[in-house]
Amino acid sequence: MSRNHDILGVKEGASEEDIKSAYRNLAKKYHPDLNKNKDAESKFKEINEAYNTLINKKDSEPLDNDLFKGFNQFNIFDINLNRIYDLDIHQSINIGFLESCFGCEKQIKYKIKKSCPECSNGQHFKICPQCKGTGVNIIFKCLACNGTGNINTCNHCHRKGFIEEESILNIKIPEGIDQGNTLRIKDKGNINKNKTGNFYLIINILNDCVGFNRSGLDIHSKLKVSYIDAILGEEIMANTIHGLIKIKLPPYCQNNSVIKCDKIGIKKEGNHYFNILIELPTLLDDKEKRILKKLKNYSNSKKNVI
């Protein structure tokens, strides 16, 4: 059995229909648009060469419509035949924690793609010598012209079919915007002839405001309190995204308890939750020790009272 028969997996003397059937199955299996294995393209070329030799036809001859039988499950001309570039542009931006709380304005510099003015009207194109303008090689999309049937020879766009231009957008980011939110700016994307895409800005919030965390419109933070203030329920100063405020501790405030302050979160709609951390002293002078011992003795005496 010859090498070509062996490549297609058919016996010597196989009918033309058997060769075409074997080729259809192998071409579908190894075509680079369907098989992403690194060896698929070389295998596909080998299959093509074996088929052309056995079927005694050249690439320049008209395609045999019988070869398309069995492919009605999908349209072979849809394989990877997307536009040269997407109309919509997606870009991310980093903003600060407080910027997300209060909103901000950012200037965005980006590049937009436009149809090349030199070749968008069909100039500088020639018929693809590989597929002779059909867009397909045997039954699949032609790799030489990407299925277009034409080769771009334009030097203005370096054969890409589009040019790139710098563009600037001043975007107002609203207060309260959250991580991963996306802003859409209409008609500020790429341009392809008479069609214009949109610009999408994806928000990434930096963790640059130490001590504050957010959940929706609510703010969470830890508040260190002296053990005396916690016992007596004193009024203390606390930091919020709007600045310092006074809050009243409940008497006998416990460690890890939470104090809620209404309407001082984001947009003055969310709340601020303070997680209380009671601090114990690491050093006492003699006078403080005497006072605490008196307090201890007094407390013990109360327990002994029947």
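Quick one: putting +1 on the C-beta of Lys and Arg, -1 on the C-beta of Asp and Glu, what dipole do you get for the stretch 151-293 around its Cα centre, in Debye to the nearest 20? Kindly include the intermediate steps, with their values, before the conclusion.
Working: 21 positive and 17 negative charges, 96 e Å.
Using Cβ point charges on Lys, Arg, Asp and Glu, the stretch 151-293 gives about 460 debye.
Order the peptides 239-246, 101-108, 157-164 from the highest to the lowest mean number of other Cβ atoms within 10 Å of their residues.
Working: 239-246: 12.2, 101-108: 14.5, 157-164: 16.2.
Those peptides, ordered most packed to least, come out 157-164, 101-108, 239-246.
Determine, for each peptide in 267-274, 34-41, the mean count of other beta carbons within 10 angstrom over its residues, then list the peptides with the highest first. Write out the running numbers ahead of the final one.
On the way: 267-274: 17.1, 34-41: 12.0.
Final packing ranking: 267-274, 34-41.
Sort Tyr51, Tyr298 by Cβ crowding within 10 Å, fewest neighbours at the top. Mind dumping the intermediate values first?
On the way: Tyr51 22, Tyr298 9.
With the fewest neighbours first, Tyr51, Tyr298 line up as Tyr298, Tyr51.
Run the dipole for the chain about the Cα centre, Lys and Arg Cβ at +1, Asp and Glu Cβ at -1, nothing else charged, and hand back the magnitude in debye, nearest 20.
Working: 47 positive and 37 negative charges, 235 e Å.
With only Lys, Arg, Asp and Glu charged at Cβ, the dipole is about 1120 debye.
With N set to the number of residues, divide the alpha-carbon radius of gyration of the stretch 210-306 by 2.2 N^0.38 Å and report two decimals. Don't skip to the end; give the middle numbers.
Values: Rg = 17.3 Å, N = 97, 2.2 N^0.38 = 12.5 Å.
That ratio works out to 1.38.
Show me 220-226, 170-176, 12-18, 283-289 ranked by packing, highest mean number of other Cβ atoms within 10 Å first. Spell out each step's value before the answer.
On the way: 220-226: 16.0, 170-176: 13.6, 12-18: 11.6, 283-289: 8.4.
In descending order of packing, they fall as 220-226, 170-176, 12-18, 283-289.
What does the extension gain come out to for Asp86 and Glu49, with contour length at 0.36 nm per residue minus their alpha carbon separation? Please list the in-between numbers first.
Working: separation 37, 0.36 × 37 = 13.32 nm, distance 3.52 nm.
Computed gain between Asp86 and Glu49 is 9.8 nm.
Which is farthest toward the positive dipole end of the chain among Leu292, Asn198, Ile95, measuring Cα position about the Cα centre, with Cβ charges +1 (Lys, Arg) and -1 (Asp, Glu)?
Final value for the positive-end residue is Leu292.
Using only Cα atoms, what Kirkwood radius does the stretch 256-306 have, in angstroms?
On the way: mean 1/r = 0.0679 Å⁻¹.
Evaluated on the stretch 256-306, it is 14.7 Å.
If you wrap a convex hull around the Cα atoms of the chain, how much volume per residue is inside, in Å³?
Spelled out: Cα convex hull of the chain, divided by residues, is 295 Å³.
Measuring from the lowest to the highest alpha carbon on each principal axis, how far does the stretch 89-205 reach, largest first, in angstroms?
Extents along the principal axes, in whole Å: 61, 30, 21.
Going 7 Å from the Cα of Leu217 toward and past its Cβ, which residues in the stretch 248-271 have a backbone nitrogen under 16 Å from where you end up?
261-271
Using only Cα atoms, figure out Rg for the stretch 189-243 and give it as a multiple of 2.2 N^0.38 Å. Don't skip to the end; give the middle numbers.
Working: Rg = 22.4 Å, N = 55, 2.2 N^0.38 = 10.1 Å.
For the stretch 189-243, the normalised Cα radius of gyration comes out at 2.22.
Note down the relative contact order for the stretch 228-288 as a percent, whole number, built from C-alpha pairs under 8 angstrom at least six residues apart. If you can, show how the numbers build up before the last one.
On the way: 84 pairs, mean separation 15.5, N = 61.
Answer for the stretch 228-288 is 25 percent.
Any read-out appearing in this document is the output of simple, stated calculations on the displayed coordinates, not a laboratory observation. For clarity, every value in this text was computed on a predicted model and none was experimentally measured. Because the Cβ atoms are built from the backbone with ideal geometry, glycine has one as well, and the counts that use them run over all protein chains shown.
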